[in-house]
1. Could you please state, rounded to a whole Å, how far the C-alpha centre of segment 70-137 is from the C-alpha centre of segment 432-462?
2. For the residues R79, R266, R93, what sequence is obtained by ranking on other C-beta atoms within 10 Å, fewest first?
3. Rounded if a/c is under 1.5, else prolate if a/b is larger than b/c, else oblate: which is segment 442-510, with a ≥ b ≥ c the root eigenvalues of its Cα gyration tensor?
4. I need the Debye-formula profile for the chain: one equal scatterer per C-alpha, no solvent, reported as log10 I(q)/I(0) at q = 0.07, 0.10 1/Å, two decimals.
5. For the chain, what does the helix formula give at 222 nm: sum of -39500 (n - 2.57) over DSSP H segments with n ≥ 4, over the residue count, nearest 500 deg cm²/dmol?
6. Show me the ranking of peptides 450-459, 402-411, 491-500 by mean Cβ neighbours inside 10 Å, starting with the highest.
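Any read-out appearing in this document is the output of simple, stated calculations on the displayed coordinates, not a laboratory observation. Being a predicted model, the structure only gives us computed values, none of them experimental. In this analysis, Cβ positions are derived from the backbone assuming ideal geometry, glycine residues included, and neighbour counts consider all displayed protein chains.
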Amino acid sequence: MGLAILIVSVCGSLLALWGRRRRWKITARRPSHAGESLSAVARQHLHLLRGGHLSQPALDAAKTEFRQLLEHGQFAQARTCVRPGLDFVVQVRALAEIGTDEAGRVLVHQLERRLSSDPVEQSWYWADVAGGLRELHRPDTLQLLLAKTPEALALPLGHLFAVELVCFDGFAEILETPFTTQGRSAARALLLALEGVRHGIVPAAALVEGQLAELVARLVRDHPRGDDGLITRLVVESLRLGRRAEQFTQCEGDEEAVRDQFQCLRECESDCRDLLDRAALRLPRALADAPYQEHRDILLAIDAIRADAGRVLLGLLGDTAYPYRCEAIRAMAWARDVSVRLQFVDGVRATANRRRWRSGVPAGERVAAILSLRHHPSLDAEQVLMLAATAGDALIRPLALAALGWWEPVLRSEVTGLLRRARDGKDAESRHRARAALARLGERKAIGEMRLALADEDADRRKQAIELVADEGLTWLWPDLERLAGSDDTDVAFRAREAIERLREDATAL
């Protein structure tokens, strides 16, 4: 229903992004066979996304049942008839096709319910409801959906909910006031919708239906100051998407309309870059003065544009109760002042030596520190990473291994010895990360192993190898990715092109 039913070849992209989001949030490790963990409801929706159809007799029966209840004023019974499970999408579609105010009220009621303890399944349910309400063409329900936005967008597949919102009648008018409560929710939905297009979760056709490029261009034109974290993040995402125009305009049905949207993104690119230039100067200052509720967006924007906010960040990190310590530690990756970098690395080292990476420091902070140290080439950073790779827990070890090899090691024999031992170890994730680090350092055996993985006959293993090459910045294998970008397997080709863009962005930034 709505745009959700237009999404094709989405299963792999959904699961890959879900796994990546879960890993960064430190909630669980990605399942080795993600498809096996999907509920029946998730499998049903993936069937629909691939072009499957609902049972017409079941849909007709649901419409008959709801019509009888609503015509007799049995509104409460109609609400309780909507049940989680395989019938949910049928019932939502039936209510949308009935199209009366009473049917709309039944749909709205579903937003007040927590329908599943499975976050993926809950994502599908709320995307169904948002799509059903959009089909009713009732702009007043957009206010209710926006009120649900923070919770819905935090779900693993919040992109599907977001794209229904941005294509809703009246969305553009709400976005014109991006500093109101509803305007902020609208801006977050637009950000997630753009991200969904880039990841292949949301079809590029959504750009056309929602006129998303025009929305971005209008935001940049009306709010060009560069001191707002959320708008900066939107601009960054639009530039990332614009760089991928070719891979989307080749695979969508209405190529001309999609091309027009990408042309609009290109036309506002100069204004977007001007805004980012201002943001690099103004966001660190804004961070020092803004209320805490704005800090997360500012920190994420600073990280995205690689702005130097080191001194301000050190001050914030001096407060152990600061609520966004993980984001602040991650943004320390881009501190440029030598004294600030030394203070940061010394602080991480002291914590690592004292706590042994096992207790006393939240997992998210440990992960953020490891990710930041990758950008601070030094003997101290190298020694902290080696310590974390040996004394850290199962979460930290592979991340520490992945953070090695980004610069010529000061202690080369010790680093390569550690990596080779990890490559031969029992933990699969550590083996992969150690092999990739050795490949970064130019070891022929590791590069050959990675090249073989990219040529694996099993498509799933080949896709995992592509993802690993992008994650690990293995530019040695760029030619191999270019060959895969021409693959007859459209999913493999899409992933290879995306990996190339990620390597390019990591090397050159925006």
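1. 47
2. R266, R79, R93
3. oblate
4. -0.42, -0.85
5. Result for the chain: -21500 deg cm²/dmol, rounded to the nearest 500.
6. 491-500, 402-411, 450-459
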